[in-house]
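Read the structure below first, then the notes.
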């Protein structure tokens, strides 16, 4: 065990040393701390008469987040399993003369650390959670710890599910049935309860997410109970939640170590898959989230000649990777935006649009044309750089138009906007999509040579903020100076026009980006 | 021909290529040798126009980033350049369309030669690393480039593919093409090279011509003298 303890401590020590030596990481840490401190200083809870939305909405969001993460992990267990290990562990630790139980314990300790790191995105939510719900930093840390525990338990469950079902289709079907049955019962209960109170659906949804039947949902519900119990001082609730989670984890560890001592083979595939994904992200390649089984359909690109071939190739790739007209990540982002709009119905379109735009900054970065930059063909093909760039953008632009229409038609209906208002909101949404694509081109044109990915991400966010300023300023000014149309129409029209002008200018100025960009997979 | 003149490339503070110059004539096979981290892949990427650099690179008399140069340059990367969601035959179709080629059956010939024809309906992501490398080679050769640069082309290939690729190198040389191969495996190039540049720490430390009957040092002797000499200096 001394060897494993040495490995854990040394890796931890080296990670800290590496962070201290890495200026990019230090800048990001300072930025996060500054963000939290500034939010805390500006905390309106210190002022008078600040009314927050009801905190039970946050409890409901915690339930939804935990259930989603846990179920996704379990479903992963049915297809490719999960691994607590890295490739060096497989090559060095698995073959070393160390008992498998100790190796499992080592994996568990490592996974706890990784789970905490994965959950750090929750800290970024402090600003809006604090201003809308008055969530304190301590509560946010509870939520983060709960999230880490859910991921940890989810990974462990996936490992057990894979171990019990690998290579046996009948067992897989039973496993799938159990997972879907639990989810189905919970969903049915929630839907019926919400339907019975259809005049007040938001409140009903919030209350159902905090009801006992949902809190009984394995792991996710129990840990939610523990987090909320700890925060509200309900000791018994917290204790029961923690106890249930500990028993669950203990039971899985017991099953893994007793029923089948040799779990190495089971985790090998998952370890290799995660190793490939980690390497891809280290090299700047974007994981294209490929479906496990791709349906080939008609073979052939069939159209295009010269640079336009890229567009038709993108259409073919999209057909093979999509579950619907839009890809899975876009659909998830849309659902999150719609849920946000439902919760923030009273605040109006500005809050829903701002949140959707914030999410759009990240979804645009996953566009297919950006993935094209990591392979050499786009640079090698003897066609004018600007024409190649335009054909590469075509598919992303088409997608953002479809997404904008569907998303804001739904949000517009939820918020009771008029048809004209919806049209201008959609126009503004499309313009932001174009603007962020232009921002991406700008980043690739001038900063693709930066080797530190963390700095690139930082620059990316700053550039997105800077190029958004003209539109935001125009929207603010127009309502002060002009009174020709309804305020929503005026502001979103100004946003759209401004963004289109800025985007086209940026794209034109960076038209030779492909001649100056550097292949992004060093 | 391929002409590299005073090329310097930095990654931040790291000097990957330091003032490199060399030429490769048509009908010549040049090899870039050197230990890991010597800067071989970087100069190959600079030649392919994938990196920014200081200096000048000409391909067939044109600046390497010009359309004329791109038309005649083939590049085989170290890591296979494959689209996960395209089949093998669609990769060939993609290259034919994007390079505006007519259908002369060369795609089929290449796939058969590298034993990929029976995999033509397999997706890129379903291929093994070696098959992906073979497909990557087919993509680079399909438009019959005059100048071809290979970055560690043998890595991951099976013996048949290695034999075929070596045959191809000779055929390309005989047909007057300009070939540059980067490798750290001396034995993989010993039977067909014309000119060798040995790189250490981002610079070319020695250049050797393959002349029959000469009593100079062998390539292997020269290589170890330079690379191990460097270790001794350190």
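Only one of (1) in contact (Cβ under 8 Å) with a residue 12 or more places away in the chain; (2) surrounded by fewer than 17 Cβ atoms within 10 Å (Cβ to Cβ) fails for residue B:171. Which number is that?
(1)
Based on this model, can you work out whether residue A:185 counts as under 21 Å from residue A:148 (Cβ atoms) and either free of Cβ contacts under 8 Å to residues at least 12 places away in the same chain or assigned to a helix (DSSP H, G or I) (or both)? Walk me through how you get there before you give the answer.
On the way: under 21 Å from residue A:148 (Cβ atoms): no; either free of Cβ contacts under 8 Å to residues at least 12 places away in the same chain or assigned to a helix (DSSP H, G or I) (or both): yes.
It is false that residue A:185 is under 21 Å from residue A:148 (Cβ atoms) and either free of Cβ contacts under 8 Å to residues at least 12 places away in the same chain or assigned to a helix (DSSP H, G or I) (or both).
Name every residue in region A:310-336 that is within 8 Å of chain B (Cβ to nearest Cβ) and in contact (Cβ under 8 Å) with a residue 24 or more places away in the chain, in order of residue number.
Correct list: A:310, A:317, A:320, A:321.
When you check residue A:62 against the structure, is it at pLDDT 80 or above, in a helix (DSSP H, G or I) and assigned by TED's automatic domain parsing to the domain that holds residue A:97, yes or no?
Yes, satisfied.
Consider residue B:65 against the criteria (1) assigned to a loop (DSSP other than H, G, I, E, B); (2) more than 30 Å from residue A:302 (Cβ to Cβ); (3) touching a residue at least 40 places away in the same chain (Cβ under 8 Å); (4) within 13 Å of another protein chain (Cβ to nearest Cβ): it satisfies all of them except one. Which criterion is unmet?
Against the list (1) assigned to a loop (DSSP other than H, G, I, E, B); (2) more than 30 Å from residue A:302 (Cβ to Cβ); (3) touching a residue at least 40 places away in the same chain (Cβ under 8 Å); (4) within 13 Å of another protein chain (Cβ to nearest Cβ), residue B:65 comes up short only on (3).
Tally time: how many residues in region A:272-309 are more than 7 Å from chain B (Cβ to nearest Cβ) and at pLDDT below 75?
Qualifying residue count for the region: 20.
Residue by residue through region A:209-232, note down the ones that are in a helix (DSSP H, G or I), without any contact (Cβ under 8 Å) to a residue 60 or more places away in the chain and closer than 23 Å to residue A:135 by Cβ.
Matches in region A:209-232: A:222, A:225, A:229, A:232.
Would you confirm whether or not region B:50-61 contains a residue that is closer than 18 Å to residue B:124 by Cα, in contact (Cβ under 8 Å) with a residue 40 or more places away in the chain and more than 7 Å from chain A (Cβ to nearest Cβ)?
no
Among the residues of region B:126-138, is any facing another protein chain (nearest Cβ under 8 Å), free of Cβ contacts under 8 Å to residues at least 60 places away in the same chain and out of contact with any strand residue (DSSP E or B) (no Cβ under 7 Å at 6 or more places or on another chain)?
Scanning region B:126-138 turns up no residue that is facing another protein chain (nearest Cβ under 8 Å), free of Cβ contacts under 8 Å to residues at least 60 places away in the same chain and out of contact with any strand residue (DSSP E or B) (no Cβ under 7 Å at 6 or more places or on another chain).
Output the number of residues of region A:210-240 satisfying the condition of being under 26 Å from the mean Cα position of the chain (by Cα) and under 16 Å from residue A:143 (Cα atoms).
The number of residues fulfilling the criteria is 13.
Is it true that some residue in region B:29-46 is part of a loop (DSSP other than H, G, I, E, B) and facing chain A (nearest Cβ under 10 Å)?
Within region B:29-46 (the criterion being part of a loop (DSSP other than H, G, I, E, B) and facing chain A (nearest Cβ under 10 Å)), the answer is no, since none of the residues qualifies.
Could you tell me whether residue B:107 is more than 7 Å from every other protein chain (Cβ to nearest Cβ) and either assigned to a helix (DSSP H, G or I) or modelled with pLDDT under 90 (or both)? Step through it out loud before you land on a result.
On the way: more than 7 Å from every other protein chain (Cβ to nearest Cβ): yes; either assigned to a helix (DSSP H, G or I) or modelled with pLDDT under 90 (or both): yes.
Considered against the rule, which asks whether it is more than 7 Å from every other protein chain (Cβ to nearest Cβ) and either assigned to a helix (DSSP H, G or I) or modelled with pLDDT under 90 (or both), residue B:107 comes out as yes.
All but one of (1) buried (at least 17 other Cβ atoms within 10 Å of the Cβ); (2) over 28 Å from the mean Cα position of the chain (by Cα) hold for residue A:243; which doesn't?
The number of the failed condition is (1).
Search region B:178-194 for residues being buried (at least 18 other Cβ atoms within 10 Å of the Cβ) and touching a strand residue (DSSP E or B) at 6+ places or on another chain (Cβ under 6 Å), and hand back the single one that is modelled with the lowest pLDDT.
Per the criteria, the residue is B:189.
Name every residue in region B:70-95 that is more than 8 Å from chain A (Cβ to nearest Cβ) and more than 20 Å from residue A:373 (Cα to Cα), in order of residue number.
B:72, B:88
All but one of (1) within 15 Å of the chain's Cα centre (by Cα); (2) surrounded by fewer than 22 Cβ atoms within 10 Å (Cβ to Cβ); (3) under 19 Å from residue B:194 (Cα atoms) hold for residue B:78; which doesn't?
So the condition that residue B:78 fails would be (3).
The values are calculated or read from the model by the stated rules, or taken from the named source; none is laboratory data. Predicted model, so just to flag it, every value in this text is computed and none were measured. FYI the Cβ positions are ideal-geometry reconstructions off the backbone, even for glycines, and counts take in every protein chain you see.
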